[in-house]
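Read through the structure below, which is laid out as structure tokens, and then see the notes.
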Amino acid sequence: MVWFRQDLRVADNPALSFAAAHGPVIPLYVLDETPAPGGRPLGAASRWWLHGSLERLATSLGGLLLLRGEAAQLVPEVVRRTGARRVVWNRCYEPYAVERDQALKARLTATGVQALSFNGSLLFEPWEIRTGEGGPFRVYSPFWRACMKRNVPAPPERPAVRPSTANFAGDSLSSWGLRPVAPDWAAGFAQAWSPGEAGAQRQLREFLSTGLNGYAEFRDHPQLPHVSRLSPHLHFGELSPRQVWSATRALLARRPALLPDADKFLAELGWREFAAHLLYHFPNLPTCNWRQAFDTYPWAENPAHLRAWQKGETGYPLVDAGMRELWRTGYMHNRVRMIAASFLVKHLRLHWREGESWFWDTLVDADLANNVAGWQWVAGSGADAAPYFRIFNPIEQGRRFDPAGAYVRKWCPEIAALGNAHIHAPFAAPAQVLRTAGIVLGRTYPAPLVDHAQARTEALAGYRLVQERSRGKRGAPA
């Protein structure tokens with residue numbers, strides 16, 4: 001029996017390949033929404049994606065047993081009912097998943113059932129990459145250098161699978177209600193995404209053929225196509241990082257001039273690996289400041305500001321454009337994510353957990369390790385974090401990375417008539433310019449929630465409290 005989780009593909013699936021080599025395969029997916037210490041139900045956008053991914057996996061396999069409930073109980077029950085003698089899966093690295101899987105493996109072994117797990121999600125296991133002292137890494141650059149000293153094997157051939165779901169009646173996918181109906185807030189998702197293994201492979205090919213060239217220079221420009229958009233495919237395991245690595249290196253062998261772009265792109269896989277490494281070694285990362293000194297930061301509580309940020313109504317166009325892109329497509333360009341996140345924690349001084357929770361629910365690529373590590377990085381409380389005094393100016397960031405305002409105009413059409421000089425700061429435009437563009441601040445487009453200079457001053461004052469506590473001490477995880 002193969003227990004699918006975040007590995008919804010056939011190719012380069014170590015657990016599936018092992019099972020296929022030993023006879024007929026019982027493919028199982030369990031939608032486990034039971035409360036667990038440290039566990040989380042899927043966010044709404046992730047549920048939308050999961051429906052499409054499972055639908056396509058079932059077609060690829062020729063059958064997929066679907067069950068809803070507590071996996072720790074359902075997996076042994078399927079074993080009992082089907083007479084399976086081996087259960088295999090690819091490892092997950094969230095703290096609650098590690099604990100559950102270890103307990104389940106012991107339970108199955110005690111009943112004479114062989115339980116085996118494999119690495120199907122990362123280039124390297126989190127415990128394989130160690131510092132010279134034998135501990136986990138806390139800084140990205142030396143972590144990635146240590147990774148680069150290791151070999152990444154080529155993906156194996158696609159296995160031939162003989163599925164068997166006999167003797168057990170499962171659920172219908174539609175009965176799970178993973179996709180919204182009334183209202184269908186995800187109506188725009190289907191235009192932006194193709195969940196499933198085939199869609200993942202198409203996206204990889206398209207990026208390598210049209211988006212990789214220039215990636216190093218233009219990846220931070222949200223209006224340009226130099227982003228891979230592979231993150232949801234990687235999270236759900238429709239594509240393995242080893243497949244991405246292999247395909248990129250193969251292209252580089254044919255086109256050596258792409259080396260700077262390829263190195264920069266593969267380093268993004270490195271950040272994904274680093275986030276998993278941190279979560280595995282510091283399992284309280286989702287709930288605690290990695291740097292304990294940040295427990296003293298004077299966060300604000302302002303539900304109105306939080307709601308305005310969530311709706312893309314902050315009055316800062318680049319932030320608003322990103323939040324609206326997120327709501328409409330389940331995705332936000334990475335540079336804009338950093339700017340929008342920085343605005344929440346450093347301009348509005350709302351806790352990073354508020355933003356992390358919103359991203360978890362609205363991103364199709366919501367991944368616990370990436371999401372939490374990213375938010376703590378922006379807040380300054382995490383490993384290898386951005387310096388506390390680095391506070392993105394959303395106006396200047398817009399002028400630098402969206403100079404013609406194409407991205408802002410797409411997602412904030414009510415200010416599209418503004419010229420390039422004012423598109424990133426409508427509140428600074430002369431009254432006549434606003435009238436000509438048909439803009440009434442506070443009515444047709446929001447007035448800014450806060451003044452940038454004042455917000456920066458207040459954020460720095462809060463960070464000085466953190467500095468006073470940590471002065472002379474090395475940052476350490478909680």
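Within the option set PRO394, PRO430, PRO446, PRO413, being out of contact with any strand residue (DSSP E or B) (no Cβ under 7 Å at 6 or more places or on another chain), under 18 Å from MET323 (Cα atoms), surrounded by fewer than 13 Cβ atoms within 10 Å (Cβ to Cβ) and at pLDDT 95 or above holds for one residue only, PRO413.
Considering the stretch 243-262, and only residues there that are basic (Lys, Arg) and under 28 Å from GLY120 (Cβ atoms), the residue that is nearest to the chain's Cα centre (by Cα) turns out to be ARG249. All of (1) in contact with a Gly (Cβ under 9 Å, 6 or more places away or on another chain); (2) in contact (Cβ under 8 Å) with a residue 60 or more places away in the chain hold for GLU414 with one exception: (2).
Restricting the stretch 298-311 to residues that are aliphatic (A, V, I, L, M) and touching a residue at least 40 places away in the same chain (Cβ under 8 Å), the residue that is farthest from PHE427 (Cα to Cα) is ALA300.
Scanning the stretch 144-164 for residues that are of a type in the set (D, E, K, R) and part of a helix (DSSP H, G or I) returns a single hit, ARG145.
Of all residues in the stretch 416-427, exactly one satisfies the criterion of being buried (at least 20 other Cβ atoms within 10 Å of the Cβ) and either not in a loop (DSSP other than H, G, I, E, B) or not assigned by TED's automatic domain parsing to the domain that holds ARG328 (or both), namely PRO426.
Just one residue in the set TRP290, TRP245 is touching a residue at least 12 places away in the same chain (Cβ under 8 Å) and assigned to a loop (DSSP other than H, G, I, E, B); that residue is TRP290. Comparison of ARG335, ARG291 shows that the only residue that is among the charged types (D, E, K, R) and modelled with pLDDT of 95 or more is ARG335. All conditions but one from (1) at pLDDT 95 or above; (2) in contact with a Phe, Trp or Tyr (Cβ under 8 Å, 6 or more places away or on another chain); (3) not aliphatic (A, V, I, L, M); (4) not assigned by TED's automatic domain parsing to the domain that holds GLU268 apply to ARG86; the one that does not is (2).
Right, HIS226: buried (at least 19 other Cβ atoms within 10 Å of the Cβ), more than 17 Å from the chain's Cα centre (by Cα) and in the same structural domain as ASN371 (by TED's automatic domain parsing) or not? No, not satisfied. Looking at this structure, is ASP402 acidic (Asp, Glu), in contact with a helix residue (DSSP H, G or I) (Cβ under 7 Å, 6 or more places away or on another chain), modelled with pLDDT of 95 or more and within 23 Å of TYR140 (Cβ to Cβ)? Here the answer is no, as ASP402 does not meet what is asked.
Yes or no, residue by residue, for (1) among the charged types (D, E, K, R); (2) in contact with a helix residue (DSSP H, G or I) (Cβ under 7 Å, 6 or more places away or on another chain); (3) touching a residue at least 60 places away in the same chain (Cβ under 8 Å):
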site: ASN13; (1), (2), (3): no, no, yes
site: GLY23; (1), (2), (3): no, no, yes
site: ILE26; (1), (2), (3): no, yes, yes
site: PRO35; (1), (2), (3): no, no, no
site: PRO41; (1), (2), (3): no, no, no
site: LEU64; (1), (2), (3): no, yes, yes
site: GLU70; (1), (2), (3): yes, no, no
site: VAL98; (1), (2), (3): no, no, yes
site: ARG107; (1), (2), (3): yes, yes, no
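Please work out if TRP127 is surrounded by fewer than 18 Cβ atoms within 10 Å (Cβ to Cβ), at pLDDT below 95, within 26 Å of the chain's Cα centre (by Cα) and of a type outside the set (Lys, Arg). Here the answer is no, as TRP127 does not meet what is asked.
Say whether the condition of being surrounded by 14 or more Cβ atoms within 10 Å (Cβ to Cβ), closer than 30 Å to TRP290 by Cα and of a type in the set (Val, Ile, Thr) is met by at least one residue in the stretch 156-167. There is no residue in the stretch 156-167 that is surrounded by 14 or more Cβ atoms within 10 Å (Cβ to Cβ), closer than 30 Å to TRP290 by Cα and of a type in the set (Val, Ile, Thr). Look at (1) of a type in the set (Gly, Ala, Ser); (2) surrounded by fewer than 16 Cβ atoms within 10 Å (Cβ to Cβ); (3) within 26 Å of ARG242 (Cβ to Cβ) and you find that GLY120 fails only one, number (2). Taking the stretch 98-117, which residues are over 22 Å from ARG242 (Cβ atoms) and surrounded by 17 or more Cβ atoms within 10 Å (Cβ to Cβ)? Selection gives ARG100, LEU104, LYS105, LEU108, VAL113, ALA115.
Scanning the stretch 109-124 for residues that are outside any helix (DSSP H, G or I) and either free of Cβ contacts under 8 Å to residues at least 60 places away in the same chain or in contact with a Pro (Cβ under 6 Å, 6 or more places away or on another chain) (or both) turns up THR111, GLY112, VAL113, GLN114, ALA115, PHE118, GLY120, LEU123.
The values are calculated or read from the model by the stated rules, or taken from the named source; none is laboratory data. Bear in mind the structure is a predicted one, so any value in this text is a computation, not a measurement. Because the Cβ atoms are built from the backbone with ideal geometry, glycine has one as well, and the counts that use them run over all protein chains shown.
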